[in-house]
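Reviewing the structure listed below.
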Number of protein chains: 2
Amino acid sequence: MLSTAELNALAEEIRERLIEVVSQNGGHLASNLGVVELTIALHRIFTTPKDAIVWDVGHQSYTHKMLTGRRDRIDTIRTEGGLSGFPKPYESEHDAFVAGHASTSISAAMGLAEAKRQRGDDGYVIAVIGDGAFTGGMAYEGLNNAGKARGNLIIILNDNDMSISKSVGSVANYLSEIRTKPAYFRFKDSVSHLLERTPMVGRQIKDALVSSKSKLKTAIYHNTFFEDLGFDYLGPIDGHDIDMLCGALMRAKRISRPVLIHIATQKGKGYQKAEENPGAYHGVSSFDIEKGNPDISNEDSFSTAFGRALVGQAIKDPSICGITAAMKYGTGLQFFKHKYPNRFYDVGIAEEHAVTFASGLATGGLRPVFAVYSTFLQRCYDQIIHDVALQHAHLVLAIDRAGLVGQDGETHQGIYDVSMLQSVPTMTLYSPATYRELRHCLNACLYGEEGPCALRYPRGKEDGRLAFLDDLPCEDHHLFPGKKKGGKVVLTYGRIFAEVYPAAQKVGASVLKLTKLFPLGEDVCELLCSYKAVYFVEEGIRSGGVSERLASQLAESGYRGRIHIRAIEDGVIPQASVESTLAHLGMDEAGIARFLEQE
Amino acid sequence: MLSTAELNALAEEIRERLIEVVSQNGGHLASNLGVVELTIALHRIFTTPKDAIVWDVGHQSYTHKMLTGRRDRIDTIRTEGGLSGFPKPYESEHDAFVAGHASTSISAAMGLAEAKRQRGDDGYVIAVIGDGAFTGGMAYEGLNNAGKARGNLIIILNDNDMSISKSVGSVANYLSEIRTKPAYFRFKDSVSHLLERTPMVGRQIKDALVSSKSKLKTAIYHNTFFEDLGFDYLGPIDGHDIDMLCGALMRAKRISRPVLIHIATQKGKGYQKAEENPGAYHGVSSFDIEKGNPDISNEDSFSTAFGRALVGQAIKDPSICGITAAMKYGTGLQFFKHKYPNRFYDVGIAEEHAVTFASGLATGGLRPVFAVYSTFLQRCYDQIIHDVALQHAHLVLAIDRAGLVGQDGETHQGIYDVSMLQSVPTMTLYSPATYRELRHCLNACLYGEEGPCALRYPRGKEDGRLAFLDDLPCEDHHLFPGKKKGGKVVLTYGRIFAEVYPAAQKVGASVLKLTKLFPLGEDVCELLCSYKAVYFVEEGIRSGGVSERLASQLAESGYRGRIHIRAIEDGVIPQASVESTLAHLGMDEAGIARFLEQE
């Protein structure tokens, strides 16, 4: 058994390796540096896979991977064929549950714990969830149910006083209050002592406090919300003190009710540059350890192009509001916040609230724009139908990271939004391929359309090959004629046009590039009908996408030519660079050229 | 201005009318009887539409409708062309926001309030939300943001100690505790008095309590979670005392911070039969006022057929668990709960948690079945992709109220589930048309399939016209040959087969009835290809549905025949009987017969 000193040395060693690996491969640095001691303590007190650890969001699981047989492969993290940057049960039996989206761990852990209870397995289930994920309503649904859980369930609230952007909302204030006050146990003890030492009535008051019917006792002894919900609350505890962490975990093991352990950690702990600016080291590309120069979020990208375009509109229109769900930097909304703080809303990791709140703003006469990653928009399907479309609200969804995302892998691919939104009544969707088109589409969504509108654009930069689009007029769709009139035509949209266009030129096919995906006028179908073969290339899930929609319309219209669809048939797409993924899917230039050679 | 006595007389009059109308038209009785006094008080203190009232779920808005110019039309409620059973902004400017799904009101109201603030409008926005809706995470996301709202926002927590099923979870216990203890103000006052009257140190302790740095003060004076979140908390208040309600509302109006008023009401108030059994009078069909015989939930229906079938499986298999999101009776799970309470979970109105929790159970080795209405399953799109499909969890979604639902109208139509689930990787979906097929499909989902599975079935009873199906083998699909081999074929599934089959017989067309919707073997496409014309009839949204999927596959395969699709093109379908709605959509027998006459 390692001594405390040895454990601390291990922590330092792990930290160095983490910095080294993330500086090479990119990844989530600050959050991983924050939980080194916690992870060591967890694996000292518990034994996976008999005991299960459920990491919320999961981007803080690197140390866990190193301690569970994957240390020698940690340098492959986030690379094609390498370790995932998130927990993956198919990667290791020590990864109890998939993660990537926030606020799911309590629900999943409660399920695992109930299963163990039902099956007579005495193992423990531990959910580790950050204060950021606590701003998501699903965490609360989990808490509300887990407070009465009968299994061996322990929830660790990893409170680092910030989520991805600074933690927002009243719960953050509440946690901050209980975090900064003297440790709760000491507080309880000192109240008892104070009262015991008080002459005359002190003792009586203390006895009254201890009486089960005393309201004062309820007020003092049950002074955290978590206790009100049925948890035994332990904390706050220094999350970088391995001994204290082990003590709390041992204590939690002995308690038969659900336990919530509240620990305070520092994001970026041990790497000064990340401690000072944890937001900049949340999710990074490779960087220089000495210089500490991770990607800064206002470098040229679709996100910043969007952020700047929104500011450009907001200067002219005081009714524009900007909304983010804890992704101020990721979505480029920092520019808007800086300039118009009074019209900016960071709602926390609460996409559902964001959409319905935006619909309220719109109903009240404002022009809200909710900027959100495609993969997280999946959280809002019901709200978009029920609270926006049925409310006839005019608002704009700015969908970032639409399409393939690369190294984050399965859990973050932005491939469902087109299919999801196409089923929503009265929905309008644009898909710009360049920054200039993005500005045009934003303007169209704000002023040219009614009802719910959205524009979707990819992660990263504009493709240099598309510079020629800047010389063309911005239209809902544009035809690039091929060699032969009435020959082959390819329908596509968005960034993938950069692969489709040169491939089409090789085979002499025409290309119909959509900028507005729906609703579509009848002219699109009519145009396609004038070709002898129609090819669709769609960087999104096939089911419910634009290709299926148009192919079925062509079929209904009696079109007699050939139809071919290349879209994403299987939504499980592992981590790899976007280029490599496109090649696997047959959607790079060469793959599309082969596709177009089919008759 | 009416006197208190006159207001109480008005309340009685409204109550009588409510009972009368709901006994004729069906609707939500217990919840409406519970808020008569609240609604009167709200309209006495506030002025709509300048002030906006946002009703959560909205089925309790009948009194509101009667007090806002719709009293003479209240007898048309829930009928075709009549008043909606839910708030509808297009019906009246006094209905501030659409409702139908739970837990949305705080978010919407905060949006409306922020819009008023930004636009310099000094009107108030009042959200009225029940304790049941408080079990939904979205309410918490709303609270977490609204606690710092700067607009004129008032939240009324209508606490009737039960949601649709009995309120569940720790929050319910918490509310129950603060509801049943002496009124909060009185409590605060009495503590102060007690301490003042305590000789010697009492005064000192009191002074210490009042000192802003005192931890005790925090513990005693801020003893509700709502205050911790930033609200001024007023309550608990008797929700049937109009004077007290008016007093609290006046007080709330004068407070510049967000206010939460906690009122205690009785569901079914004033109609003894509903007071005694509010669950039975939650949502009812027409009934006899004297006898009080609303639809009882264990009468013959797809829901009860499902509930009984699940019990039948659970007898043989101890790993089966039943989960509901506050719809124990609606989904027929009451039988399961009664027989297997230890394997039954009512998670509250928390569909997101339900899915991820079920995935945890499945990962732990159990066989969870989550029974949920189609329209509420929309809340879980992301969880089904992220926490179930990517986790490779094998669980069963039992989707009730799939297809058209009738009088509940737009907000409750079950028309998106097929499209939504078809995009989910590895998903399997069945669509039984009879009770017998339902039993078969449940068994197939539990034991014949892997990964995420679902079966969907309509509201109400089996169609008597389908009795002949009971004599056929249960297969994934079944061909009913028409007069002419290779002529017309209709592809359809589910209840609508009862309309399609006789229509097809009229024109001599074959019918291919699917029971398993996806994944589909290639044989289905091949079979369709052997006909000269393929017709699709789908009681669901077209976009992403089975028709589009198959039509696009036929087109790709080079099919040269004619293709026609009849599905729901526009998801906004107003209230009317299912029969009438089918006729409007051209999906009744006559409409389909006309459709099939097309070449």
message: Quick check on this structure: which one of B:51, B:56 is among the acidic types (Asp, Glu) and closer than 20 Å to residue B:133 by Cα?
response: B:56
- request: Could you list all residues from segment A:101-146 that are more than 10 Å from chain B (Cβ to nearest Cβ) and among the hydroxyl-bearing types (Ser, Thr, Tyr)?
  value: A:124
Verdict on residue B:550 being among the hydrophobic types (A, V, I, L, M, F, W, C), within 14 Å of chain A (Cβ to nearest Cβ), in contact with a strand residue (DSSP E or B) (Cβ under 7 Å, 6 or more places away or on another chain) and over 29 Å from residue B:286 (Cα atoms): yes
- request: Determine whether segment B:328-336 contains at least one residue that is in contact with a Lys or Arg (Cβ under 7 Å, 6 or more places away or on another chain), away from chain A (no Cβ under 14 Å), over 22 Å from residue A:385 (Cα atoms) and not in a loop (DSSP other than H, G, I, E, B).
  value: yes
statement: Of (1) under 22 Å from residue B:132 (Cβ atoms); (2) modelled with pLDDT under 95; (3) surrounded by fewer than 20 Cβ atoms within 10 Å (Cβ to Cβ), residue B:328 fails just (3)
field: residue A:22 in contact with a Leu (Cβ under 8 Å, 6 or more places away or on another chain) and in contact (Cβ under 8 Å) with a residue 24 or more places away in the chain
entry: yes
task: Would you mention how many residues in segment B:227-248 are buried (at least 20 other Cβ atoms within 10 Å of the Cβ) and part of a strand (DSSP E or B)?
output: 5
message: Looking at segment B:61-76, can you tell me whether even one residue there is farther than 21 Å from residue B:266 by Cβ, touching a Phe, Trp or Tyr at 6+ places or on another chain (Cβ under 9 Å) and not basic (Lys, Arg)?
response: yes
- prompt: If a residue has to be over 16 Å from residue B:331 (Cα atoms) and not in a loop (DSSP other than H, G, I, E, B) to count, how many in segment B:267-280 make the cut?
  reply: 6
- request: For segment A:1-116, please list each of the helices (runs of 4 or more DSSP H) lying entirely inside it that holds at least 1 residues being surrounded by fewer than 17 Cβ atoms within 10 Å (Cβ to Cβ) and hydroxyl-bearing (Ser, Thr, Tyr).
  value: A:4-25
query: Between residues in segment A:360-377 that are of a type in the set (Lys, Arg) and residues that are at pLDDT 95 or above and buried (at least 24 other Cβ atoms within 10 Å of the Cβ), which pairs lie under 9 Å by C-beta distance while being six or more apart or on different chains?
result: A:367/A:321; A:367/A:361; A:367/A:395; A:367/A:396
message: I'm trying to understand the selection: among the residues of segment A:123-157, which are modelled with pLDDT of 95 or more, farther than 17 Å from residue A:234 by Cβ and more than 24 Å from the chain's Cα centre (by Cα)?
response: A:123
- prompt: What are the pairs, 6+ residues apart or on separate chains, where a residue within segment B:292-303 that is outside any loop (DSSP other than H, G, I, E, B) has its Cβ under 8 Å from a residue that is at pLDDT 75 or above and among the polar types (S, T, N, Q)?
  reply: B:303/B:331
message: Just to be sure I understand, how many residues within segment B:340-358 are aromatic (Phe, Trp, Tyr) and at the interface with chain A (Cβ under 7 Å from one of its Cβ atoms)?
response: 1
- line: Cβ pairs under 8 Å, 6+ apart or interchain, first in segment B:558-578 and within 8 Å of chain A (Cβ to nearest Cβ) and buried (at least 17 other Cβ atoms within 10 Å of the Cβ), second in a loop (DSSP other than H, G, I, E, B) and not small (Gly, Ala, Ser), ordered by first then second residue, are B:564/B:598; B:565/B:542; B:571/A:424; B:571/A:425; B:571/B:413; B:571/B:415; B:571/B:416
message: among the aromatic types (Phe, Trp, Tyr), surrounded by 21 or more Cβ atoms within 10 Å (Cβ to Cβ) and either in the same structural domain as residue A:23 (by TED's automatic domain parsing) or closer than 21 Å to residue A:59 by Cβ (or both): is that true of residue A:345 in this structure?
response: no
message: Are there helices (runs of 4 or more DSSP H) fully within segment A:362-473 with at least 2 residues that are at pLDDT 95 or above and within 13 Å of chain B (Cβ to nearest Cβ)? List them.
response: A:374-377, A:417-422
- request: Just name the residue that is surrounded by the most Cβ atoms within 10 Å (Cβ to Cβ) out of those in segment A:579-588 that are in a loop (DSSP other than H, G, I, E, B) and not aliphatic (A, V, I, L, M).
  value: A:588
- request: Scan segment B:388-404 for residues that are surrounded by 24 or more Cβ atoms within 10 Å (Cβ to Cβ) and aliphatic (A, V, I, L, M) and jot them down.
  value: B:388, B:390, B:393, B:395, B:396, B:397, B:398, B:399, B:402, B:404
task: Determine if segment B:509-526 includes at least one residue that is within 14 Å of chain A (Cβ to nearest Cβ), buried (at least 24 other Cβ atoms within 10 Å of the Cβ) and not in a loop (DSSP other than H, G, I, E, B).
output: yes
message: Condition check: at pLDDT 90 or above, of a type in the set (Phe, Trp, Tyr) and either part of a helix (DSSP H, G or I) or at negative phi (or both). Does residue A:306 satisfy that?
response: yes
statement: Within segment A:480-506, residues touching a helix residue (DSSP H, G or I) at 6+ places or on another chain (Cβ under 8 Å) and at pLDDT below 95 come out as A:482
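The values are calculated or read from the model by the stated rules, or taken from the named source; none is laboratory data. Just so it is clear, the structure is predicted and the values come from calculations on it, not from any experiment. A quick note on method: Cβ atoms are made from the backbone with ideal geometry, for glycine too, and the neighbour counts reach across all protein chains shown.
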